[in-house]
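A.B. asks: Before anything else, here's the structure in question.
The values are calculated or read from the model by the stated rules, or taken from the named source; none is laboratory data. Everything quoted here is computed from the prediction, not taken from an experiment. Here the Cβ positions follow ideal geometry from the backbone for every residue, glycine too, while neighbour counts run over all protein chains shown.
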Amino acid sequence: MKKFGLFIVFLSIALIVGCGDGSTSEEIPAVAEQEIRLTDAIPENPVNQPVAEGVFRRIWSDPPTLDPALVSDTTSMGIVAEVFSGLVTLNTDLRLEPDLAESWEISSDGTVYTFKISENAKFHNGKQVTATDFKWSLERAANPQTVSPVAETYLNDIVGVMDVIEGRASEITGIKVIDDRTLQITIDAPKAYFLAKLTYPTAFVVDRENVESGGQTWTDEINGTGPFKLKEYKIGERIVLERFDNLDENAGGVDLIVMNLAGGQSMAMYENNEIDITGVGLFDLERVLDPNEPLNRELVIAPPDFSISYIGFNTQMAPFDDVKFRQALNHAIDKKLIAEEVLSNLVTPAYGILPPGFPGYNEQLEGLRYDSELAKQLLAESKYSDGATRPRIVVTVPGRGGSVGLDMEVILEMWRQVLGVEVEIQQVEWATYLEDLNQNKFQAFAGLGWEADYPDPQDFLDILFHSDSKLNHGKYSNGQVDLILENARINPDPVDRVELYQDAEQLIVTDAAWVPLWFEGERHVLIKPYVKGYRLTPMTVPKLSQVKIEK
């Protein structure tokens, strides 16, 4: 999702965004919370027993939004994906499957999609979901009054969407209601990734009556369609999700998901049986990896996320408008040293954009690797070689005055020692950070990551680097890159598409549009033995309905 995220990967106290991230919590030892008791009648219980049958407890952060049309981060996505739903979805194996649409047909030219909505598609209040509901929801997301930061990115393939976004029309011409259960969507060209795009929250259905009667606070009482209902949300305290009765009653999943928002030490809470899952941070990893440690029996090692953390530059703003200056900053960072000595090999240095294992990943891509002499040479050749006249440099990160992370501190020191470049850090609260980021207000930005929304390289390279993309927060522009990306959109050959994306990635990396920092390494997670069916996926997908609690 455009899941930007607060990638709290490196240290249990260090906050590091597409879909831009509030933390994904279970994989990360992030901001922990205090114990939540659903009732005073729940007794204290041993650490190997659930606090209550049918209750799954985890840590989370306050989401910037619960409105599907506005979601642009993984914190929000992690809740919205469970409370709302769309025509299609990605399962825990990252395969497309029906959601509220029981089937679909694609025209011979690949541009017309006809969806048949399931008879069992119901809102939480029991009302039938219709094709009209989807049409209204998509047009609401595109309506400029909704002020969605992502509608153009995720819906712009649909014919007529831009007319609505730009205020020239109120209805999307490419969306037609055939009957109550049949919806037809026409896109501007055949695109292999279009169905996958519909799994993003921007395309989720919402209840018009719920939205219009609730006004600005309609998400306080959500009438969704997802596997869980929003039972309670107390800002800074907890979110409680309740299983939707429309689900298969024989599935045996949990009745309640309790998300603690209050703050605390996640490992201590886990060991005190206050939460049922936690990531393992740098400070606890050695202990948990010890086979003689009781917690070792609860350790789950999962493959990396499809994500990357990076430092972004506004390439239209000095001094980052100079490609040699950007290249110098890249070559001055010894990522291998930081990964090994500072981050204990919990991450893999990133020299490209697409993460390992992701479609289109290019293991042959060399990137801008550490070379202090080349860095100095590039700086000397740039417009900003003179430190006395060089513009003040401010890197903005999300946070509230705490640590910016050891890795970032070391990077700033490397820039100072190798290049004599001094950089200031500015911290901004997360929701404000996302808003300012979407308005391209930052000179440079860090503490940032991008997690895949769907398994296609278009989700990284086109969305983040095409000149016209709303999520190109660095205003990077290269006509050759644009042309390659545009050709890749409509190329029907999977092999050719991969080659095009790899060509574009090489140009982007050479232009130093970013400083790619880290691909996540193996994830170490503790899960209580009574929790069954929890899948650690490399992307945020609906999965909590599969969780079971067994005494």
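A.B. asks: Could you list all residues from the range 63-78 that are out of contact with any helix residue (DSSP H, G or I) (no Cβ under 8 Å at 6 or more places or on another chain) and in a loop (DSSP other than H, G, I, E, B)?
C.D. replies: Matches in the range 63-78: none.
A.B. asks: Filter the range 375-426 down to residues that are of a type in the set (S, T, N, Q) and closer than 23 Å to K441 by Cα, then give me how many there are. Lay out the reasoning, then the answer.
C.D. replies: Within the range 375-426, the subset of a type in the set (S, T, N, Q) is 377, 382, 385, 389, 396, 403, 417, 426.
Adding the requirement that they be closer than 23 Å to K441 by Cα leaves 389, 396, 403, 426.
Counting residues in the range 375-426 that are of a type in the set (S, T, N, Q) and closer than 23 Å to K441 by Cα gives 4.
A.B. asks: Looking at T389, T396, T315 in this structure, which one is of a type in the set (S, T, Y) and surrounded by fewer than 16 Cβ atoms within 10 Å (Cβ to Cβ)? Reasoning before the result, please.
C.D. replies: On the way: T396 fails: surrounded by fewer than 16 Cβ atoms within 10 Å (Cβ to Cβ); T315 fails: surrounded by fewer than 16 Cβ atoms within 10 Å (Cβ to Cβ).
Unique residue meeting the criteria: T389.
A.B. asks: I've got another one for you. Residue pairs, Cβ under 8 Å, 6 or more apart or interchain, first in the range 387-407 and assigned by TED's automatic domain parsing to the domain that holds I425 and at negative phi, second among the acidic types (D, E) and outside any helix (DSSP H, G or I). List them.
C.D. replies: Listed by first residue and then by second, the contacts come to G387/E422; R392/E424; I393/E422; I393/E424; V394/E424; V395/E424; P398/E429; R400/E429.
A.B. asks: Given the conditions (1) assigned to a helix (DSSP H, G or I); (2) within 19 Å of the chain's Cα centre (by Cα); (3) of a type in the set (D, E), which single one is not true for D453?
C.D. replies: D453 satisfies all of (1) assigned to a helix (DSSP H, G or I); (2) within 19 Å of the chain's Cα centre (by Cα); (3) of a type in the set (D, E) except (1).
A.B. asks: Look at R489 and say whether it is in contact with a helix residue (DSSP H, G or I) (Cβ under 8 Å, 6 or more places away or on another chain), buried (at least 19 other Cβ atoms within 10 Å of the Cβ), over 19 Å from T153 (Cα atoms) and outside the structural domain of L94 (by TED's automatic domain parsing). Spell out how you get there, then give the answer.
C.D. replies: On the way: in contact with a helix residue (DSSP H, G or I) (Cβ under 8 Å, 6 or more places away or on another chain): yes; buried (at least 19 other Cβ atoms within 10 Å of the Cβ): yes; over 19 Å from T153 (Cα atoms): no; outside the structural domain of L94 (by TED's automatic domain parsing): yes.
Here the answer is no, as R489 does not meet what is asked.
A.B. asks: Take the residues in the range 238-284 that are touching a strand residue (DSSP E or B) at 6+ places or on another chain (Cβ under 6 Å), of a type in the set (D, E) and under 17 Å from G533 (Cβ atoms); name whichever of them is modelled with the lowest pLDDT.
C.D. replies: D255
A.B. asks: Also, I was wondering about something else. Taking only pairs six or more apart or across chains, which ones have beta-carbon atoms under 6 Å, a first residue in the range 219-243 that is closer than 17 Å to P542 by Cα, and a second residue that is of a type in the set (G, A, S) and part of a loop (DSSP other than H, G, I, E, B)?
C.D. replies: Cβ pairs passing all conditions: T225/S85; G226/S85.
A.B. asks: Which of (1) at pLDDT 95 or above; (2) of a type outside the set (A, V, I, L, M); (3) closer than 30 Å to A318 by Cα does K470 not meet, given it meets every other one?
C.D. replies: Of the numbered conditions (1) at pLDDT 95 or above; (2) of a type outside the set (A, V, I, L, M); (3) closer than 30 Å to A318 by Cα, the odd one out for K470 is (1).
A.B. asks: Now a separate question. Among the listed residues K135, K191, K127, identify the single one that is surrounded by fewer than 16 Cβ atoms within 10 Å (Cβ to Cβ) and either out of contact with any Ser or Thr (no Cβ under 8 Å at 6 or more places or on another chain) or at pLDDT below 95 (or both). Lay out the reasoning, then the answer.
C.D. replies: Numbers: K135 fails: surrounded by fewer than 16 Cβ atoms within 10 Å (Cβ to Cβ); K191 fails: surrounded by fewer than 16 Cβ atoms within 10 Å (Cβ to Cβ).
Testing whether each residue is surrounded by fewer than 16 Cβ atoms within 10 Å (Cβ to Cβ) and either out of contact with any Ser or Thr (no Cβ under 8 Å at 6 or more places or on another chain) or at pLDDT below 95 (or both) leaves just K127.
A.B. asks: How about the range 167-236: which strands (runs of 3 or more DSSP E) wholly inside it have at least 2 residues that are over 27 Å from the mean Cα position of the chain (by Cα)? Spell out the reasoning first.
C.D. replies: On the way: elements: 175-179, 182-186, 228-234.
Ranges flagged: 175-179, 182-186.
A.B. asks: Have a look at V394, V423 and point out the one that is touching a Leu at 6+ places or on another chain (Cβ under 6 Å) and of a type in the set (V, I, T). Step through it out loud before you land on a result.
C.D. replies: Working: V394 fails: touching a Leu at 6+ places or on another chain (Cβ under 6 Å).
Within the list V394, V423, the selection yields V423.
A.B. asks: Across the range 340-362, which residue is surrounded by the fewest Cβ atoms within 10 Å (Cβ to Cβ) among those that are under 26 Å from F325 (Cα atoms) and at pLDDT 95 or above?
C.D. replies: Per the stated criteria, the residue is Y351.
A.B. asks: Out of all the residues in the range 515-533, which are in a loop (DSSP other than H, G, I, E, B) and surrounded by fewer than 22 Cβ atoms within 10 Å (Cβ to Cβ)? Talk me through it step by step, then tell me what you get.
C.D. replies: We begin by selecting, within the range 515-533, every residue in a loop (DSSP other than H, G, I, E, B); these are 521-522, 528-530, 533.
If the condition is that a residue be in a loop (DSSP other than H, G, I, E, B) and surrounded by fewer than 22 Cβ atoms within 10 Å (Cβ to Cβ), then G521, E522, P529, Y530, G533 are the ones that fit.
A.B. asks: Which of (1) more than 20 Å from P190 (Cα to Cα); (2) at pLDDT 95 or above; (3) touching a Ser or Thr at 6+ places or on another chain (Cβ under 9 Å); (4) surrounded by fewer than 23 Cβ atoms within 10 Å (Cβ to Cβ) is the odd one out, the single condition V83 does not satisfy?
C.D. replies: Of everything listed in (1) more than 20 Å from P190 (Cα to Cα); (2) at pLDDT 95 or above; (3) touching a Ser or Thr at 6+ places or on another chain (Cβ under 9 Å); (4) surrounded by fewer than 23 Cβ atoms within 10 Å (Cβ to Cβ), V83 misses just condition (4).
A.B. asks: Does K336 satisfy the condition of being assigned to a helix (DSSP H, G or I), modelled with pLDDT of 95 or more and under 26 Å from the mean Cα position of the chain (by Cα)? Spell out how you get there, then give the answer.
C.D. replies: On the way: assigned to a helix (DSSP H, G or I): yes; modelled with pLDDT of 95 or more: yes; under 26 Å from the mean Cα position of the chain (by Cα): yes.
For K336, the condition - assigned to a helix (DSSP H, G or I), modelled with pLDDT of 95 or more and under 26 Å from the mean Cα position of the chain (by Cα) - is met.
So that you can scan it fast, the table gives a plain yes or no per residue for (1) touching a strand residue (DSSP E or B) at 6+ places or on another chain (Cβ under 8 Å); (2) surrounded by fewer than 17 Cβ atoms within 10 Å (Cβ to Cβ); (3) of a type outside the set (F, W, Y); (4) under 22 Å from I311 (Cα atoms):
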{"residue": "L448", "(1), (2), (3), (4)": "yes, no, yes, yes"}
{"residue": "D459", "(1), (2), (3), (4)": "no, no, yes, yes"}
{"residue": "K470", "(1), (2), (3), (4)": "no, no, yes, yes"}
{"residue": "Q480", "(1), (2), (3), (4)": "no, yes, yes, no"}
{"residue": "P494", "(1), (2), (3), (4)": "no, yes, yes, no"}
{"residue": "V498", "(1), (2), (3), (4)": "no, no, yes, no"}
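A.B. asks: Could you list, in sequence order, all residues of the range 144-163 that are part of a helix (DSSP H, G or I) and not charged (D, E, K, R)? Before the answer, list the steps.
C.D. replies: Keep residues of the range 144-163 that are part of a helix (DSSP H, G or I), which gives 144-146, 151-155, 161-163.
Result: P144, Q145, T146, A151, T153, Y154, L155, V161, M162.
A.B. asks: Within the range 537-544, can one find any residue that is surrounded by fewer than 17 Cβ atoms within 10 Å (Cβ to Cβ), of a type outside the set (A, V, I, L, M, F, W, C) and either in contact with a helix residue (DSSP H, G or I) (Cβ under 6 Å, 6 or more places away or on another chain) or not in a loop (DSSP other than H, G, I, E, B) (or both)?
C.D. replies: Filtering the range 537-544 for residues surrounded by fewer than 17 Cβ atoms within 10 Å (Cβ to Cβ) gives none.
For the range 537-544, residues surrounded by fewer than 17 Cβ atoms within 10 Å (Cβ to Cβ), of a type outside the set (A, V, I, L, M, F, W, C) and either in contact with a helix residue (DSSP H, G or I) (Cβ under 6 Å, 6 or more places away or on another chain) or not in a loop (DSSP other than H, G, I, E, B) (or both): absent.
A.B. asks: Oh, and also: Restricting attention to the range 480-502, does a residue exist that is part of a strand (DSSP E or B) and modelled with pLDDT of 95 or more? Break it down into steps so the answer makes sense when it comes.
C.D. replies: Residues of the range 480-502 part of a strand (DSSP E or B): none.
No: zero hits.
A.B. asks: Hey, another quick one. What number of residues in the range 321-350 are under 21 Å from R392 (Cα atoms), β-branched (V, I, T) and touching a helix residue (DSSP H, G or I) at 6+ places or on another chain (Cβ under 8 Å)?
C.D. replies: Taking the range 321-350 as the starting set, the residues that turn out to be under 21 Å from R392 (Cα atoms) are 321-333.
Checking the rest, the ones that are also β-branched (V, I, T) come to 323, 333.
Okay, now just the ones that are also touching a helix residue (DSSP H, G or I) at 6+ places or on another chain (Cβ under 8 Å), so 333.
So the count comes out to 1.
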